[in-house]
Structure formats: structure tokens, C-alpha cells
Amino acid sequence: MIIQMTNVCKKYEKGKAALNDINIEIQKGEFIFLTGQSGAGKSTMIKLLFREILPDEGQIFVANRSINRLNNVEVVRLRRNTGVVFQDFRLMETKTVFENVAFAMKAIEEPWFLIKRRVPEVLEKMGIGDKADSFPRQLSGGEQQRVALARAVINRPMIILADEPTGNLDPDTSDDLMNIFSQINAEGTTIIMATHDKRIVNEKRKRVLALKGGELVGDAVGGWLL
Amino acid sequence: MKASSFRYIFPEPFNSLKRNSWMSVAAIVTMAITLLLCGVFWLLVMNINANATMMESQVEVKVFLADDATEADSISLKTNLESLAGVASVTFVSKEEGLDTLIARFGDKDRILAALGSNPLPDSYTVTATEPEDVVQIAEAAETMDKVQAVRYGQGTVENLFATLNWIRTIGVGIMVLLSVSAVLLISMTIRMTVIARREEIRVMKYVGASNWFIRWPFLLEGMFIGFLGALIALAIVLFSYDKLIDYMVQNLIFLTYISLKDVIFQTSAVMLFGGIVLGALGSIIPMRRFLKA
Ligand SMILES: Nc1ncnc2c1ncn2[C@@H]1O[C@H](COP(=O)(O)OP(=O)(O)OP(=O)(O)O)[C@@H](O)[C@H]1O
Ligand SMILES: [Mg+2]
């Protein structure tokens, strides 16, 4: 079991809970879709998993360790084991594709010879090997998201968290990107993807966790549950 | 953090200096002015201290006899002075000898005599104390004795000098604190701009699990580098102008001692460069605490 949530509640300021009493278990190597309408709590769930925010109640375990109380070093270790991808890519506009991806390796202090070797490999795998020297604004949305994905996987994390990675992409581009996710998943990486793209969820036939108003209302393998 | 990772960190402060060049120049100039004043002040205090120490170490008290003192008065005064605690020796100086000493110190007998008319000096005793601390006590006792016109000793000057020193010190410290605060604030504004310019990068670094120090070092280095550059400029100005200033002072105020630059160059450079780096580091800690929370 790589991720476990027990009785997790999260409330922003006052108002009703963004997540209420969530209990889930995720095995290593699973591909999970987090579905639900806007405001259901998908992004909140993703943020809890890489400890951008902390739960008000309940425990979250990653690799059998509670992440509720971590010191700085442990937070760093958690982040290195978790890659994140967002709908808006979050690339650095002044850096080239190569530099954007290399930046993630520099940040965890990998030696330069390794960076020079691994970055082109991963860009190749993402199908953007020829874009290394381009700047993000010179790329299409799909290509930018591949750069973001390359950056998320470059340090070989155990888990990839993706918050609506296809949200800004057209169907064909989305399919290409989903194929890359499937490939990464096939290599053993656990993937948790928040999405409200019914078509993708129905086609992939993976485990779906359905959220509604902060409650977990469905957990099954198959199509769109709501 | 690994030491080898500094190869990724070192270029960042230079990128930032280029990116915020005007802000950086302002911060460097403020730092230079601050440290220049600190340096000038430091040298001033050292010079005053040197003068004070020189005078303080003088153990002589001059006791001048009243004009109507007889030979017998003079002899009994000598006995009284010798009986005081802490007195090492008592030497008689006639009015002629006194004038000679004065001439030896200030030169040109004719000019002095012309100015004074006749020799105005009374006979005197030069009392030497065993310890500098005894001087005041001896002088006070001598003042109460019969047929004594006046008592002079270096201590009065020393006390004035120390009063001046304290005064300069208070004002100087006040100005330095104000300037340091503004230098630190200007550096922190510069670093803040860098933090804002690198907001995206900081976020990515956090997401992928960069250690806190890996994230902080570039900002710390930038502040320290600005401080260092400011200190270099200030130091260059001090080194260039000190000798010229002292030359001028020596010609006009001959009776003071001056510290020569080569005696203090190491200390002064160390203090200024270290001060610059520390202030720079302080300036970068402020925005880091605010913007780089874990
Ligand atoms: N930073 C925040 N401060 C206050 N409330 C928030 C914050 N972030 C989210 N919420 C609220 O929490 C609830 C869940 O939000 P969340 O972003 O998790 O939804 P979501 O499922 O990701 O929606 P979407 O599909 O639109 O991205 C919503 O009601 C939202 O208004
Ligand atoms: Mg969301």
C-alpha cells in the first residue's frame, strides 16, 4: 500500500468541508482517476497528498509513513518521491525546455553529467526531443504539458499526482498525453489524476474515486461513476 | 546540502544583480556610504583613543609657586609634595628653565618673548607620580597647599578628550545605526524583488523537493555580495583619502599623534568587509523569512 487516508477532513477557513471523512487505500502501481464536479474536492485531495496543505482531521500515510507531522528533511523526501503536474503547466517562461526539466534535477542537487544525460532521454520519451532549445511560449499546449510531465518524472518519483492535466487540451492531444501517462504507469509509477473528462475516464477503464461535495461517493474500476 | 551544489547556486546572485540592476546599484551605494562613515568613524575613534592614551600615560603634575613665595616657602612645599602618597620624585624648575622648555617645544624664542613681554612663568615643581592613576589625587592635594598658584596636569585634557570621544561615539553610533538600518532595508527590498522575480522557480523547487538551504543560499549570497561590493567601494575611498587627510592634519595640528594607515589597514579592511557581508546577510534574511516559509 503506497497511500492511505483515514477519516481525512479538510475545511478552508469557515464554510462547509472541502473534504469530509475520506477513507481510501491505494496500492503501488495503481492508476487512479479522481472524478467529481467542480468544487467536489479533487484539487484539495491532490494538495493534501503532496502536503501543500494539511488535513484538519484524520491521517494520511505515504509509503506507510504518516505525513501529518514531518520535519523539513522529511517534507523534502516526500516531495522527491512525488511528481506533480497541473492544468496550467507551470513552466518557467524564461527558461528553455531543457532548462525547465534540468531545473528539477539541479534542485535536488544531481550532478551535472547525469543531468546532461538524463534530460534528453526523458524529452525523447515524451516525444519532444527536438524541442530542447525552445521556450515554452513557442510550444503548443500539449507540448508544454509534456515538458511539465518530463519535469515531474525526471527524478523518478514513486507517485505522480496530476490535477486536470488535459484540462486545457483538445481531445486528440489529450489522448497522446494519456498514452504517455499509461506508459509511465506501466513502468511501475503510481498515478493519481484528477479530471472531469468523462470520455478519457470511460476509455481508460481504471479505478475511479468519485467525489461529490467533499464526500467519497464511489470507488470502483470502470467508467465515470456519477 | 552538498557543497558541490554551489555550482548551481553561484551564478544566481549575478543573474539577479543584472535583472535588478538599478535597485542593486542603490543598495550597493547605500551600503558604501554606510560603511564609509563607519570606517571614518572607526579611524577617528582610534586616533582620539591614541591621543588620550598618550596623555593618560603622562604622570607629571606641574605645581606653580605663588609670586610672593620665599625660599623657605619653596622648601616646605617641596617637603609637603614629597610626603604625598604615590609621588615618585619632585624636581624644581626655575622660571628660566620653564621658559627654555616652552621655547624648545614651540620654537622661536624672540617671537615668544615679544609676545609675552617679559618671562611670565613662575618657579615650579615637576611632580612625577608612580602610577598615572595617582595624578589626580596628587594634583588635588597640591592645590590646597600654601603658596601654590596653580596646578596643571595632563589629566584635564584627557578628561576633555574622553568627553569628546564619548560624544562622538554616541552621535556616531546613532548615525551608523540609522544608516545600517537603511542599508539593510534597501538590501532586503532588492532581495525581495529577486524573490518575486524567482517566485515560479521557488515554487518549482519546493514541488520537486529542493532542500531549504538550496533555495535560500542564492538570496543569502546576493545580499552578502551587495554588502561586499559596498564595503569594497567604501574601503577604496578610505584607503585613498586617509593619508592625504592625515598629512593635512599633521601640518595644522602638530601636537597631536596620528595613527598611520599601515598600522590599521588590516583591522580596518577586515571590519569594513566583514560589516558589509554581515549587513548584507541580514538584509536577505528578512525577505527570506517572509517569503520562503516552508
Ligand atoms: N484556498 C481555498 N480557500 C477557500 N476555499 C477553497 C480553497 N480552495 C478550494 N476551496 C473550496 O473547497 C472546495 C473544493 O475545492 P477544490 O479546489 O478541491 O475542488 P475541485 O474538485 O478541484 O474543483 P475543480 O474541478 O473546479 O478544480 C470548493 O468549495 C472550493 O470553493
Ligand atoms: Mg481543481
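Normalised Debye scattering of segment A:1-142 at q = 0.10, 0.11, 0.13, 0.15 Å⁻¹ gives log10 I(q)/I(0) of -0.46, -0.56, -0.75, -0.93, counting only Cα atoms as equal scatterers and leaving out solvent.
Among the listed pairs A:Lys116/B:Lys18; A:Lys116/A:Lys204; A:Lys11/A:Lys106; A:Lys16/A:Lys212, those whose Cα-Cα separation exceeds 24 Å are A:Lys116/B:Lys18; A:Lys116/A:Lys204; A:Lys11/A:Lys106. By definition, a body whose alpha carbon gyration tensor gives a ≥ b ≥ c is prolate when a/c is 1.5 or more and a/b is larger than b/c, and the protein assembly as shown fits this prolate description.
Given C-alpha coordinates of chain B, what is the ratio Rg to Rh with the Kirkwood estimate of Rh?
In chain B, Rg relative to Rh is 1.26.
For segment A:137-226, the Kirkwood estimate of hydrodynamic radius, built from reciprocal distances between every pair of different alpha carbons, is 14.0 Å.
What share of the DSSP beta bridges in chain A is antiparallel, in percent to the nearest 5? Don't skip to the end; give the middle numbers.
Details: 19 of 37 bridges.
Taking every DSSP beta bridge within chain A, about 50 percent pair in antiparallel fashion.
The helix-based estimate of mean residue ellipticity at 222 nm for chain B, built from -39,500 (n - 2.57) per DSSP H run of four or more residues and divided by its residue count, is -25000 deg cm²/dmol to the nearest 500. Each residue of segment B:233-242 was assigned a 3J(HN,Hα) from its phi angle through the Karplus expression (A = 6.51, B = -1.76, C = 1.60, θ = phi - 60°), giving 4, 4, 5, 4, 5, 4, 4, 6, 9, 4 Hz with x at Gly and Pro.
Identify the trypsin sites (Lys or Arg not before Pro) of segment B:1-37 meeting these criteria: DSSP loop state and at most 12 other C-beta atoms within 10 Å of the C-beta. Walk me through the numbers before you get to the answer.
Numbers: sites: B:Lys2, B:Arg7, B:Lys18, B:Arg19; in loops: B:Lys2.
Counting only loop positions with at most 12 other Cβ atoms within 10 Å, the trypsin sites (Lys or Arg not before Pro) in segment B:1-37 are B:Lys2.
With contributions of -39500 (n - 2.57) from each DSSP H run of at least four residues, the per-residue ellipticity at 222 nm computed over chain A stands at -10500 deg cm²/dmol. Rounded to the nearest 10 degrees, the angle from helix A:97-107 to the longest Cα principal axis of chain A is 60 degrees.
What is the antiparallel percent of DSSP beta bridges lying wholly in the protein assembly as shown, to the nearest 5? Present the calculation step by step, with values, prior to reporting the outcome.
Values: 35 of 53 bridges.
Antiparallel bridges make up about 65 percent of those DSSP assigns within the protein assembly as shown.
Test of understanding: express the Cα radius of gyration of segment A:65-148 as a ratio to 2.2 N^0.38 Å, with N the residue count.
On the way: Rg = 14.4 Å, N = 84, 2.2 N^0.38 = 11.8 Å.
My calculation over the Cα atoms of segment A:65-148 gives 1.21.
Neighbour counting of Cβ atoms within 10 Å sorts the residues B:Val204, A:Val101, fewest neighbours leading, into B:Val204, A:Val101. Residues B:Ser118, A:Ser182, arranged from fewest to most other Cβ atoms within 10 angstrom of their Cβ, appear as B:Ser118, A:Ser182. Straight-line reach from B:Lys262: taking Cα to Cα under 18 Å and skipping same-chain neighbours fewer than 8 places apart, the aspartates and glutamates in range are B:Asp243, B:Asp247.
Coordinate-derived values only; no laboratory data. Since we're looking at a predicted model, the values are computed, not measured. Because the Cβ atoms are built from the backbone with ideal geometry, glycine has one as well, and the counts that use them run over all protein chains shown.
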